[in-house]
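Asker: Following this message is one structure expressed as structure tokens.
The values are calculated or read from the model by the stated rules, or taken from the named source; none is laboratory data. Quick caveat, the model's predicted, so the values are computed rather than measured. Note: ideal-geometry Cβ built from the backbone for every residue, glycine included; neighbour counts use all protein chains shown.
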Amino acid sequence: MSVITDEKRIDEFLKRGVENIYPSKEKVKKTLLSGKKLSIYHGIDPTGPTLHIGHGSVLLKLRELQDLGHRIILLIGDFTGRIGDPTDKSATRKQLSAKEIKENLKSYTKQAGMILDMKKVEVKFNSKWLSKLSFEKVMELASEFTLQQMIERDMFEKRIKEGQPVHLHEFFYPLMQGYDSVAMDVDMEIGGNDQTFNMLVGRTMMKNRGKEKYVLTTKLLVDPTGKKMGKSEGNMVTLEDSPENMFGKVMSWPDSLMPLAFEICTRVSLSEIDSVNTNPRDLKIKLASEIVKIFHGEKKAKEAQENFIKTFQKKEIPEEMEEIKANRGEVLSEVLVANKILSSKSEWRRLVSENAIHYLVKNQNITDVNLKASENLTLKIGKKRFVKIIIK
């Protein structure tokens, strides 16, 4: 496929959902207009079993470049994932085993294929080169940066100020991510704005070797408090969510999030977003429909919308809902987490403490965080999610 140099499409790409471009928007635009085929990558560490809507927003940017004819690389950080990216972390990440990493990444390419044409994507694993580096080579790479450069990172400064430990291996994470660019000899890296430091380390390493590397950072989906919408916050929309669950979760987002969510999580044109003038509820229904459409198709999006309206606007319990099976005596929180209904036991405890898990048949809230499955249950979780638990 030849490279497309449509200026209007390139301008849209460089504007929509973009936080920063290095070294400059003008220089990257000039290169994209030149017709040169660029090698562009995005890296994902398999720290959990499913990708989420934040990954999806970056994958949408990659798809734009793929449709323009550029070479796309999806890098699975099976080596860096074992170390753990310290970005935005107030404490050292738990290191994962090779077995845990392998289990987590099982369906990553399938999920990425909801947006990207995987037949035209090169999937690489950074263990191929990082696991083979000698200690001598690591020292050589480390000599390209100073301790002062590394501790400039906000989360390191904060942890040091608070007397929290910063482990030596954490300083090596950006070095490893930077070396990924060198090993693959890429022209551009795309990632969330929280990855700016790591991506610029790669840019510096490429410049040290006489090559320019462009960096494009995307806007993050953050709630009104500035926290990322993700697993640790209990509001994560995963790419494995059913259409109904995905729709319901989006409908629970605050109204203030809608303009940003339309921009980075949908394909609705920017001009259409700017011209929309409707009430917040209808606008949010459109947002949820557009997001579900991307991952599950138009038919499933329409069904999810109809189910939501029937269930929540007409105060009805859905005729069909997600069903999961449990053994008698299993701890209910573990069943829900294992089946990806909830992201963690801490989310379960929080919801129980807020009286947000309702046993529909008995018309009562669940108050026991250690409750075990002893009979068939139909639960309402929060305001918009239903699940049926069947005892095997």
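Asker: Return the pair list, or none, for Cβ contacts closer than 9 Å from residues in segment 299-326 that are over 21 Å from residue 377 (Cβ atoms) and surrounded by fewer than 18 Cβ atoms within 10 Å (Cβ to Cβ) to residues that are of a type in the set (Asp, Glu) and at pLDDT below 85, at least 6 apart or on different chains.
Answerer: Within 9 Å, the pairs are 310/316; 310/319.
Asker: Output the residue which, of all residues in segment 254-306 that are in contact with a helix residue (DSSP H, G or I) (Cβ under 6 Å, 6 or more places away or on another chain) and not in a helix (DSSP H, G or I), is farthest from residue 226 (Cα to Cα).
Answerer: 268
Asker: Are any of the residues in segment 162-170 under 29 Å from residue 61 (Cβ atoms) and either in the same structural domain as residue 62 (by TED's automatic domain parsing) or under 19 Å from the mean Cα position of the chain (by Cα) (or both)?
Answerer: Yes - at least one qualifying residue is present in segment 162-170.
Asker: OK, next. Condition first: under 15 Å from residue 183 (Cβ atoms) and surrounded by 11 or more Cβ atoms within 10 Å (Cβ to Cβ). Now tell me which residues in segment 128-143 satisfy that.
Answerer: 128, 129, 130, 131, 133, 137, 138, 140, 141
Asker: Only one of (1) at negative phi; (2) surrounded by 14 or more Cβ atoms within 10 Å (Cβ to Cβ) is not met by residue 2, so which one is it?
Answerer: (2)
Asker: Could you please tell me which pairs satisfy a Cβ distance under 6 Å, a separation of 6+ or placement on different chains, a first residue in segment 96-107 that is touching a residue at least 12 places away in the same chain (Cβ under 8 Å), and a second residue that is among the aliphatic types (A, V, I, L, M)?
Answerer: 105/76
Asker: A further question follows. Report whether or not residue 349 is touching a residue at least 24 places away in the same chain (Cβ under 8 Å) and either among the small types (Gly, Ala, Ser) or loosely packed, with under 15 Cβ neighbours inside 10 Å (or both).
Answerer: For residue 349, the condition - touching a residue at least 24 places away in the same chain (Cβ under 8 Å) and either among the small types (Gly, Ala, Ser) or loosely packed, with under 15 Cβ neighbours inside 10 Å (or both) - is not met.
Asker: Sort out which residues of segment 51-84 are in contact with a Lys or Arg (Cβ under 7 Å, 6 or more places away or on another chain) and in a loop (DSSP other than H, G, I, E, B), and write them in order of number.
Answerer: Result: 68, 69, 70, 84.
Asker: Moving on to the next point. All but one of (1) in contact (Cβ under 8 Å) with a residue 12 or more places away in the chain; (2) in a helix (DSSP H, G or I); (3) out of contact with any helix residue (DSSP H, G or I) (no Cβ under 6 Å at 6 or more places or on another chain) hold for residue 160; state the number of the condition that does not hold.
Answerer: Only one criterion in (1) in contact (Cβ under 8 Å) with a residue 12 or more places away in the chain; (2) in a helix (DSSP H, G or I); (3) out of contact with any helix residue (DSSP H, G or I) (no Cβ under 6 Å at 6 or more places or on another chain) is unmet by residue 160, namely (1).
Asker: Test residue 48 against the stated conditions and say whether it is more than 17 Å from residue 168 (Cβ to Cβ), at pLDDT below 90 and either hydrophobic (A, V, I, L, M, F, W, C) or surrounded by 14 or more Cβ atoms within 10 Å (Cβ to Cβ) (or both).
Answerer: Yes, satisfied.
Asker: Assuming residue 386 fulfils every condition listed in (1) in contact (Cβ under 8 Å) with a residue 40 or more places away in the chain; (2) part of a helix (DSSP H, G or I); (3) in contact with a Ser or Thr (Cβ under 8 Å, 6 or more places away or on another chain) apart from one, which condition is it?
Answerer: Of everything listed in (1) in contact (Cβ under 8 Å) with a residue 40 or more places away in the chain; (2) part of a helix (DSSP H, G or I); (3) in contact with a Ser or Thr (Cβ under 8 Å, 6 or more places away or on another chain), residue 386 misses just condition (2).
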